[in-house]
Amino acid sequence: MPDSLIPQTTEFQRELLGWYRHHRRSLPWRDAPSLYKTVVSEFMLQQTQVKTVLPYLARWLEIFPDFAALAAASEEQVVKNWEGLGYYTRARNLHKLARALVALPSPPRTREAWLELPGIGPYTSAAITSISFGTPAAVVDGNVVRILTRLTADGTAFRDSAAASKALAPLADALLNRAEPGDHNQAMMELGATVCHRRTPLCTVCPVRPYCAASRRGEPELYPRLAPKLIEQLAVTRLWCRHQGKLLLHRTAGDARRLANLHELPALEHAGLGESFFAGDTPIATKKRGITRFAITESIYAIQAAKLPRGTADRPGLVWVTLTELEAITLSGPHRRWVTELLASEP
DNA sequence: AACTCGGGGCG
DNA sequence: CGCCCAGAGTT
């Protein structure tokens, strides 16, 4: 392991923590910290930027102020308040977690015990226990991977960020300030978010620049080395079908791995229609979206209910929804926007 | 170990 | 457009 940094660990920790005390952003889970706020924010922040999370978290804390309120809510209500954030399994797991915690005499205090709970992995268990209980567990997220590979100029070609996190865990642990693990962990992530940017990092204001091999070489952007991902182009055709004030939607099965119980505009396959059903017609809207490794172009075609093949609307998953019901049900983020937009542009 | 899950920010 | 974001669960 490239660890020329290790002998200077104490100095590194002191500079990092000193910087953090002065420069940390004021964030809702830092102001009046509580276990509940820490847990909810960590779930929302999985693979999601701070800026995106802020409005969701504020609303969430109003509606579900503590574990008891969350545990008492229905799953439907919980997922509805996650609408637009994505990775909806996180919401279901957070809900399950709340129900598991209120059934215990007190929340666990060890990383191992938290790891057993739903939605909690290596990162989140370390984050929660270090921040809330002072447990000496080092977090390794995307920020930490970037900082550690730069500190040591580690040019290893990692398959993906998960492989990098695993490989860098020992170094993260060696650098952990065991007297202040929560602030140390947050300081590492704060540094990654506000100074050690993926591109054009602000090395001139970096508190740990003296310990950074990549900065010395003048090429911090070379790290980390991650394999490029292949983006696949995909085309989806969807229906816009209005009838007697209602809108035809597709509801994904509750046991599906993706978008379980969520609604979207029906795709051709949901309606049992062939690929060429709308051949020659003009879509009322064309939308682009990205989903992990897919770049999807969605074409939406208006069709009268009477022109659908008989029995189409009775197919499994298809539902007629009134505009009043539409507000209460959960749509995926993009579909919520598109539907709102298309309704507003109706004559 | 490799895949999958949604969505948005930003260069 | 492509990469990344306070990752975890499943296969």
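The values are calculated or read from the model by the stated rules, or taken from the named source; none is laboratory data. Small disclaimer: the values here were computed from a predicted structure and weren't measured. Backbone-built Cβ (ideal geometry, glycine too); neighbour counts: all protein chains shown. In case anyone asks, the SASA skips ligands and DNA or RNA and just uses the protein heavy atoms, side chains included. Shrake-Rupley method; radii C 1.70, N 1.55, O 1.52, S 1.80 Å.
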Along segment A:187-195, what does the Karplus equation 6.51 cos²θ - 1.76 cosθ + 1.60 (θ = phi - 60°) give for ³J(HN,Hα), rounded to whole Hz, x for Gly and Pro? 5, 4, 5, 5, 4, x, 7, 10, 10
Give me the distance between the Cα centres of segment A:176-202 and segment A:61-104, rounded to whole Å. 29
Percent of accessible area on chain A owned by carbon and sulfur, 1.4 Å probe? 52
Hull surface over four for the Cα convex hull of chain A, reported in nm², is 20.6
FRET efficiency estimate (nearest 0.05) - Cβ-Cβ, A:ILE284 to A:ALA162, R0 41 angstrom: 0.50
GNM of chain A, Cα pairs under 10 angstrom: of A:PRO220, A:PRO107, A:PRO228, the biggest fluctuation goes to A:PRO228
Translational diffusion of segment A:1-160, µm² s⁻¹ [Kirkwood Rh, Cα pairs; Stokes-Einstein; 4 °C; 1.567 mPa s]: 74
With a 1.4 Å probe and every protein chain left in place, work out the accessible area per residue of chain A in Å², rounded to a whole number. 52
Which whole-Hz couplings ³J(HN,Hα) result when phi for each residue of segment A:324-338 is put into the Karplus expression 6.51 cos²θ - 1.76 cosθ + 1.60, θ = phi - 60°, listed in order with x for Gly and Pro? 6, 4, 4, 5, 8, 7, 9, 10, 5, x, x, 5, 4, 5, 5
Calculate, for A:ARG337 and A:ARG216, the FRET efficiency according to 1/(1 + (r/R0)^6) with r their C-beta to C-beta distance and R0 41 Å; round to the nearest 0.05. 0.30
From Cα pairs below 8 angstrom and at least 6 apart in sequence, can you work out the relative contact order of segment A:79-144, rounded to a whole percent? 22
Using only Cα atoms, tell me the angle between helix A:9-23 and the longest principal axis of chain A; keep it within 0 to 90° and round to the nearest 10. 50
Expressed as a whole-number percentage, the relative contact order of segment A:6-226 with C-alpha contacts under 8 angstrom and at least six residues apart is 23
According to the square roots a ≥ b ≥ c of the eigenvalues of the Cα gyration tensor, what is the shape class of segment A:9-78, taking rounded for a/c under 1.5, prolate for a/b larger than b/c otherwise, and oblate for the remainder? prolate
What are the chymotrypsin sites (Phe, Trp or Tyr not before Pro) within segment A:82-190 that DSSP puts in a loop, where the Cβ has at most 15 other Cβ atoms within 10 Å? A:TYR87
Ranked from highest to lowest mean number of other Cβ atoms within 10 Å per residue, what is the order of the peptides A:67-75, A:332-340? A:332-340, A:67-75
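Can you give the calculated 222 nm mean residue ellipticity of chain A, where each DSSP H run of n ≥ 4 adds -39,500 (n - 2.57) and the sum is split over every residue, rounded to the nearest 500 deg cm²/dmol?
Per the formula, -12500 deg cm²/dmol.
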Using alpha carbons only, how many angstrom separate the centre of segment A:231-272 from the centre of segment A:312-339? 8
Can you give the convex hull volume per residue for the Cα atoms of segment A:232-344, as a whole number of Å³? 110
How much of the DSSP beta bridge set in chain A is antiparallel, as a percent to the nearest 5? 60
Leaving ligands, DNA and RNA out of it, rank A:ARG146, A:ARG293, A:ARG109 by accessible area with a 1.4 Å probe, largest first. A:ARG109, A:ARG293, A:ARG146
Across all Cα atoms of segment A:7-46, Rg and the largest Cα-Cα distance (Dmax), in Å, are 13.5, 37
Globularity ratio of segment A:179-246, using Cα Rg and 2.2 N^0.38 Å: 2.03
Need one number: convex hull volume per residue for segment A:127-276, Cα atoms only, in Å³. 205
With the Cα gyration tensor of segment A:61-148 giving a ≥ b ≥ c as the square roots of its eigenvalues, does the rule (a/c under 1.5 for rounded; else a/b larger than b/c for prolate; else oblate) give rounded, prolate or oblate? oblate
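So if each residue of separation counts as 0.36 nm, and I subtract the Cα-Cα distance between A:ALA344 and A:ASP255, what length gain in nm does that give?
Details: separation 89, 0.36 × 89 = 32.04 nm, distance 3.28 nm.
Gain on extension, A:ALA344 to A:ASP255, equals 28.8 nm.
Suppose the chain between A:THR110 and A:ALA267 were pulled fully straight at 0.36 nm per residue; how much longer would it get relative to their current alpha carbon spacing?
51.9 nm
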